[in-house]
Amino acid sequence: MLKTIAIVIVVAIAAILGYATLRPDDFRVQRSVTIKAPPEKIFALIDDFHAWGSWSPFEQLDPGMKRSFSGAASGKGAAYAWDSTGKAGAGSMEIKESTPPSKILIKLDFTKPLEGHNTAEFSIDTQGDSSKVTWAMYGPSPYVAKVMGIFFSMDNMIGKDFETGLATLKSVAEK
């Protein structure tokens, strides 16, 4: 009986690990919101890491988080690093592309709790007297992430944070 149970467990683990190899090699999480504000106003809130405290949900995860800014004050070359003993983990961001008032590309590097190297992209499209803001994050999906993705949806986990951040950005920009 124990031998049968052990065989079933080994086969189940092998099936999960095999299935993980078939999962995509990259991921993308994206959310959008329409904000009744000019794109220049919204762009300024995203293009300057000093302004992220007013809208980013990640800034609220750990009030004691250590933050540092370097490089340009805003736009291309602006950099931000954080280190938290709480849920925010540690990492850094650097604006690699800043095209006012429509697009910002950010190199995003996490060092804890798990290492990851991704890209965050913000695009702002004018729609009459409003602006459609899209926040996306994408990058490689290493094997460990593929296995974890079988049990946890990255889109559901991060997507909720993006929705919260975009709702707060909307509130701030519409003032």
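The values are calculated or read from the model by the stated rules, or taken from the named source; none is laboratory data. Because the structure is a prediction, the values reported are computed rather than measured. Cβ atoms come from the backbone with ideal geometry, glycine included; neighbour counts cover every protein chain shown. The protein model used for the area step is the full one, side chains on, heavy atoms only, and it has no ligands, DNA or RNA in it. Shrake-Rupley method; radii C 1.70, N 1.55, O 1.52, S 1.80 Å.
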**Asked** Within segment 118-175, can you find the residues that are open to solvent by 70 Å² or more (accessible area, probe 1.4 Å), part of a helix (DSSP H, G or I), within 27 Å of Asp48 (Cβ to Cβ) and touching a residue at least 60 places away in the same chain (Cβ under 8 Å)?
**Response** Glu163, Thr164
**Hits in segment 57-69 (condition: surrounded by fewer than 16 Cβ atoms within 10 Å (Cβ to Cβ) and within 9 Å of Trp82 (Cβ to Cβ))** = Lys66, Arg67, Ser68
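Could you list, in sequence order, all residues of segment 40-56 that are surrounded by 17 or more Cβ atoms within 10 Å (Cβ to Cβ) and touching a helix residue (DSSP H, G or I) at 6+ places or on another chain (Cβ under 9 Å)? Even if it seems obvious, please write down each step before you answer.
Within segment 40-56, the first condition is being surrounded by 17 or more Cβ atoms within 10 Å (Cβ to Cβ), and the residues that meet it are 42-43, 45-49, 52, 55-56.
Those that are surrounded by 17 or more Cβ atoms within 10 Å (Cβ to Cβ) and touching a helix residue (DSSP H, G or I) at 6+ places or on another chain (Cβ under 9 Å): Ile42, Leu45, Ile46, Trp52, Trp55, Ser56.
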**Asked** Filter segment 84-117 for residues that are acidic (Asp, Glu) and open to solvent by less than 70 Å² (accessible area, probe 1.4 Å); which is farthest from Phe58 (Cα to Cα)?
**Response** Glu97
**Request:** Just one of (1) without any contact (Cβ under 8 Å) to a residue 12 or more places away in the chain; (2) not in a helix (DSSP H, G or I) trips up Thr4, so point out which.
**Result:** (2)
**Request:** Would you be able to tell me the number of residues in segment 62-81 that are under 18 Å from the mean Cα position of the chain (by Cα), among the charged types (D, E, K, R) and under 17 Å from Leu45 (Cα atoms)?
**Result:** 0
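Please verify whether Ile16 is buried (at least 16 other Cβ atoms within 10 Å of the Cβ), of a type outside the set (Lys, Arg) and more than 19 Å from the chain's Cα centre (by Cα), treating the condition exactly as stated. Before the answer, list the steps.
Values: buried (at least 16 other Cβ atoms within 10 Å of the Cβ): no; of a type outside the set (Lys, Arg): yes; more than 19 Å from the chain's Cα centre (by Cα): yes.
So Ile16 does not fit the description; no.
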**Item:** Total residues in segment 28-52, condition among the hydrophobic types (A, V, I, L, M, F, W, C) and not in a helix (DSSP H, G or I)
**Value:** 4
**Prompt:** How many residues are over 28 Å from Asp125 (Cα atoms) and of a type outside the set (Val, Ile, Thr) when one looks only at segment 135-152?
**Reply:** 9
**Message:** Suppose we filter Thr168, Thr119, Thr111 for residues that are touching a helix residue (DSSP H, G or I) at 6+ places or on another chain (Cβ under 9 Å), among the polar types (S, T, N, Q) and modelled with pLDDT of 90 or more; which single one remains?
**Reply:** Thr168
